[in-house]
Amino acid sequence: MYAISKRINILQKATAAKSTFINDEALPSAATTFTCCDCGQENNLEIIPYHSGFPILQVYQDNKVLSKTDLLSNGMVSETPQMMSHFGELTVHNLPTLYFGTDCISCHTKYICIFSYGEKQPGLTVLNISGVWKYEEVI
């Protein structure tokens, strides 16, 4: 799990086994798998609430890694409604949104995972993985 600091191009969305974790399903961690687009290897993905990931703002701030348009057009995030803007301009299901980079354990293809975690309403905490996308660094 790492932060992405170079400009990237999104190539393809990988298939994740599970994307939504409700209440205790996400504790102590949310674990699922995704299948590599290149070699078909099944890769483990573990998200530990409040420990995993980096703020999504780091991705689109100053178009450093991806532009807002790239994120929106690939269905990675949505624009946040004005009343929820304290979570940021772009979110997944209007909750605090994070990302991280990961690699296929077999062929080392690079992926970006975007997810949100937080309380949707009293008594309902949700961790939602927007997706895992294959990417390449822009040279």
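The values are calculated or read from the model by the stated rules, or taken from the named source; none is laboratory data. Just so it is clear, the structure is predicted and the values come from calculations on it, not from any experiment. With ideal geometry, Cβ positions are generated from the backbone for all residues, glycine too; neighbour counts draw on all protein chains shown. All accessible areas refer to the heavy atoms of the entire protein, side chains included, with ligands and DNA or RNA removed. Shrake-Rupley method; radii C 1.70, N 1.55, O 1.52, S 1.80 Å.
Residues checked against (1) open to solvent by 30 Å² or more (accessible area, probe 1.4 Å); (2) more than 13 Å from the chain's Cα centre (by Cα); (3) small (Gly, Ala, Ser):
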{"position": "19", "(1), (2), (3)": "yes, no, yes"}
{"position": "24", "(1), (2), (3)": "yes, yes, no"}
{"position": "34", "(1), (2), (3)": "no, no, no"}
{"position": "65", "(1), (2), (3)": "no, yes, no"}
{"position": "78", "(1), (2), (3)": "yes, no, yes"}
{"position": "91", "(1), (2), (3)": "no, no, no"}
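Among the residues of the range 106-125, what is the count of those that are in contact with a Leu (Cβ under 8 Å, 6 or more places away or on another chain) and of a type in the set (Ser, Thr, Tyr)?
2
Looking only at the range 25-68, count how many residues are over 14 Å from residue 97 (Cα atoms), outside any helix (DSSP H, G or I) and of a type outside the set (Lys, Arg).
Looking only at that region, the number is 23.
I'm checking my understanding of the structure. Among residues of the range 104-117 that are touching a Phe, Trp or Tyr at 6+ places or on another chain (Cβ under 8 Å) and open to solvent by 10 Å² or more (accessible area, probe 1.4 Å), which one is farthest from residue 57 (Cα to Cα)?
The extreme case among them is 110.
Condition first: within 10 Å of the chain's Cα centre (by Cα), at pLDDT 95 or above, on the phi > 0 side of the Ramachandran plot and of a type outside the set (Val, Ile, Thr). Can you find one or more residues in the range 122-137 that meet it?
yes
A quick yes/no check of all residues on (1) farther than 23 Å from residue 5 by Cβ; (2) modelled with pLDDT under 95:
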position: 39; (1), (2): yes, no
position: 42; (1), (2): yes, no
position: 47; (1), (2): no, no
position: 83; (1), (2): yes, yes
position: 86; (1), (2): yes, yes
position: 103; (1), (2): no, no
position: 106; (1), (2): yes, no
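Only one of these is β-branched (Val, Ile, Thr) and out of contact with any strand residue (DSSP E or B) (no Cβ under 8 Å at 6 or more places or on another chain): 105, 139. Name it. Talk me through it step by step, then tell me what you get.
Working: 105 fails: out of contact with any strand residue (DSSP E or B) (no Cβ under 8 Å at 6 or more places or on another chain).
The conditions single out 139.
From the list 72, 95, which residue is closer than 16 Å to residue 21 by Cα and either surrounded by fewer than 19 Cβ atoms within 10 Å (Cβ to Cβ) or of a type outside the set (D, E, K, R) (or both)?
Values: 72 fails: closer than 16 Å to residue 21 by Cα.
Answer to the selection: 95.
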